[in-house]
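The values are calculated or read from the model by the stated rules, or taken from the named source; none is laboratory data. Remember, it's a predicted structure, so these values are computed and weren't measured experimentally. All Cβ positions, even for glycine, are placed from backbone atoms using ideal geometry, and neighbour counts span all protein chains on display. Surface areas here come from the heavy atoms of the whole protein model, side chains and all, with no ligands, DNA or RNA. Shrake-Rupley method; radii C 1.70, N 1.55, O 1.52, S 1.80 Å.
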Amino acid sequence: MTATIVWVYPELLSIYADRGNVLVLERRATWRGRDVRVLPLRLGDELDPGTADMILLGGGQDRDQVLVAEELRRQAPRFREALADGAALLAVCGGYQLLGHRYLGHEGDEIPGMGLVDLETVAGTTRIIGNVLLESRDEAGTPRTVVGFENHAGRTTLGAGVTPLGRVVAGGGNNGRDGSEGCRAGRLIGTYVHGPLLPKNPWLADEVLRWGLARRGDDRPLEPLDDRAEQIAALRAGNLARGERR
Amino acid sequence: MFATKLAVARAAGSLSRRVGRGGGTTLPGRVLTRLAPEAVERLSAGLPQGTALISATNGKTTTAAMAAAMLGPELRLCRNGGGANLLSGVTSALLQGADGAELGLFEVDEAALPEIARRAPPRSLLLANLFRDQLDRYGELRLLQRRWRETVDALPGTTRLVVGADDPAVADLGDGRPGVVTFGFDDPRHALPAMDHAADSAFCVRCGTGYRYAAVYLGHLGDYRCPRCDMARPPLDYAARDVRLDGLGPTCFRLDGPEGSYDVTLGLPGIYNVYNAVAALALAAALGVPPDRAAPRLGDFRAAFGRFERLELEDRGAVLLLIKNPAGANEALRTLAPALPGGTLLVALNDRIADGRDVSWIWDVDLETTAPLARTVVCSGTRAADLAVRMRYAGVEPERIEVVDDLPSAFDRACALAGPGGSAFVLPTYTAMLALQRLAAERGLTRPYWEARA
């Protein structure tokens, strides 16, 4: 059975090279002989909850965000259905913000989100920009790191019951205050970390991939890949973040 | 009093050069701005033919150098030829060159344009293109376009505006402005089969609908029309037609303009250089030097260092093409592609402020179709490790990827791999390009950039 990676609004939600996340999932499946396909979801298309196994949402420019939010709100029941049925969802930056209840702009303008996760975002007066390093754990509870780059004006606050993706070791994180970064709820992951996110954090890529394949009945463990290049890049990016942003 | 301040700032520049702190291309301007905040206004107002400003994400240095080659034989120019294109760089150039000059010709950083244009209103303003570039520094593209619009709206009516018609976001800035001059590329034989991943303004700047393109030439540049509101590429005042590209060799095209048609030969490869040339020709015409005089002056034009550089090393060569953002990198790769099979590719990715701290843009470059053509890919620069990962996912086998962090060593390695009679193809980001330029200067391969100024 072919697992489907749905790339949501590639023309509008790919500002921080989010294409890289799609590519990494696709290649890491192909290298292992697993069958995946990439399906771009265009503005106006309906998400098919039954076949959307790995759903990817990237970041957009501010103006596009309003248009995108409207469309995503319309599709929210379909996203919810897919998630309830075991699909994986990865949302970065603007896409992450839209998972929540709303985004409050500078002039009190409000963009309602999809309401998939109990979080909300308020526009800050400055942007949080720089290399970032997180302490996280994978599904099995093994300690892991997440590295990348963040660039966001939004300050996101998680609801009391929501688990962050990680704790900030160096960088700003969700809001620059509480040390949390991103969110994790079942097979849903939201984060401000791009770079893109998955190339330097292959453990996270494999987690999403495993969920997506499992939904199509492929429960075989993922064969290890030679990720030395990724490990070196991650180690260095982490050191950069530590050096700059203590 | 002003004269004393000028002298102090000038002295700072020559001191900076003498102690080897670089070309003194920005320091005197910074000193002068501190001593006399109104310096840029006063010095530019003293130029009898006024100033011309050139801004774009891609190609501004080359376009400015081309315009200088066209205008230089007829007008004494004051230029910021060293690539110092912020307010401090323009002020430094005025300080060092305004005396006796007739026209100021400055390339200006996209984000610095609003302030410079406000303080020194230009006689002519060339706006060529806007691509996604260094989001960590400039913020989003749309924000930049809004600031450019405010800048254009605030220009005096006497300023001649020259705009790239093929870029919807830029063409729109000229809409309805009296005397606006448009330029573009118009040869559907060179259209891309599809828009690449780096494309930016594929949605109508007026109504948000996706554009339909009769032809895409470079990133989002091309012949577009909005199916809903009918916003379309405006008629071209200056058009490059019948374009003949020849790999890394010279390029020929026909320039159609209001003055007639002219055959142009350009010693530079690639569609992006055709864009630069048409832009410069349109600007020169707006400044009173028509194509019949301007076009022949492109014949022996040489690009600024690193934009297209051939270095000769005993029995082999190196070709350098600066990369700054996905659109520019895609064009550089498209230009190199015919020469690349079996060759050596060196990519040097730095993440200093001038390069952009965020290196995620390499994932928007279409390396898949080109990098695997090379026999060996050498990854270098401060973010060499990120590049190695990118190359792996682009389909380059691990055994053909070499990581050499130190740039001079990487350059030597790439040249060694190129072999006798061969060439290393080098794609450096901005500060890596400067480092290679220093290396080349130390080895006597070229002159330092501040000596190469026109």
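Taking R0 as 45 Å, what's the FRET efficiency between B:LEU35 and B:ARG400 from their Cβ-Cβ distance, rounded to 0.05? Here the calculated transfer efficiency is 0.20. Close amide H partners of A:ARG144, meaning residues 5 or more places away or on another chain with modelled amide H under 5 Å apart, are A:SER136, A:ARG137, A:ASP138. The solvent-accessible area of A:ILE232, taken with every protein chain present and a 1.4 Å probe, is close to 90 Å². Taking all protein chains as they are arranged and a probe of 1.4 Å, the heavy atoms of B:GLU41 leave approximately 60 Å² accessible to solvent. Here each label is just a point 7 Å from Cα along the line to Cβ, and for A:MET1 and B:ALA202 those points are 3.1 nm apart.
At an R0 of 30 angstrom, the distance between the Cβ atoms of A:ARG242 and A:ALA84 translates into a FRET efficiency of 0.15.
Given the rule -39500 (n - 2.57) for each run of at least 4 DSSP H residues, summed and divided by the residues of chain A, what is its mean residue ellipticity at 222 nm, to the nearest 500 deg cm²/dmol? Write out the running numbers ahead of the final one.
Working: 5 runs with 70 residues, N = 246.
For chain A, the value works out to -9000 deg cm²/dmol.
Were the residues from B:ARG241 through B:ARG352 laid out at 0.36 nm apart, the gain over their Cα-Cα distance would be 36.1 nm. Counted over chain A, the DSSP beta bridges are approximately 60% antiparallel. Can you return the lysines within cross-link range of B:LYS60? Criterion is Cα-Cα under 19 Å, with same-chain partners fewer than 8 residues away left out. Reachable lysines: B:LYS324. Applied to segment B:169-179, the Karplus parametrisation 6.51 cos²θ - 1.76 cosθ + 1.60 on θ = phi - 60° returns per-residue 3J(HN,Hα) values of 5, 8, 4, 4, 5, x, 4, x, 7, x, x Hz, with x for Gly and Pro.
Net charge in the neighbourhood of B:ALA67 (other residues with Cβ under 11 Å of its Cβ; Lys, Arg +1, Asp, Glu -1) is +2. Rounded to the nearest 500, the helix-only mean residue ellipticity at 222 nm of chain B stands at -10000 deg cm²/dmol, with each DSSP H run of n ≥ 4 adding -39,500 (n - 2.57). A crude spin-label estimate for the pair B:SER409 and B:GLU442, with each label 7 Å from Cα along the Cβ direction, gives 1.4 nm. Could you tell me the calculated FRET efficiency between B:ARG302 and B:ASP175, based on Cβ-Cβ distance and R0 = 25 angstrom, to the nearest 0.05? The calculated FRET efficiency here is 0.10.
Here the protein assembly as shown was treated as a single set of alpha-carbon atoms; its pair distances binned every 20 Å from 0 give 18, 50, 30, 3, 0 percent. How many angstrom lie between the Cα centre of segment B:224-276 and the Cα centre of segment A:140-167? Taking the Cα centre of segment A:140-167 as reference, the centre of segment B:224-276 is 48 Å away. Distance between the modelled labels on B:GLU102 and B:ALA3, one decimal in nanometres: 2.6 nm (7 Å Cα→Cβ projection). The string of couplings for segment A:189-197 from the Karplus curve (6.51, -1.76, 1.60, θ = phi - 60°) is 10, x, 6, 8, 6, 10, x, x, 5 Hz, one whole number per residue in order, with x for Gly and Pro.
Close amide H pairs (under 5 Å, H built 1.01 Å from N) link B:GLY104 with B:GLY50, B:THR51, B:ALA52, B:CYS78, residues at least 5 positions away or on another chain.
Once backbone amide H atoms are built at 1.01 Å from N, B:ALA424 has B:GLY317, B:ALA318, B:VAL319 as its partners under 5 Å, excluding neighbours fewer than 5 places away on the same chain. Rounded, prolate or oblate: which fits segment A:1-51, taking a ≥ b ≥ c as square roots of the Cα gyration tensor eigenvalues, rounded meaning a/c under 1.5, else prolate when a/b beats b/c? Oblate, because a/c is 1.5 or more while a/b does not exceed b/c. In plain terms, the chain from B:THR209 to B:ALA154 could stretch by 17.0 nm, reckoned as 0.36 nm per residue minus the Cα-Cα distance.
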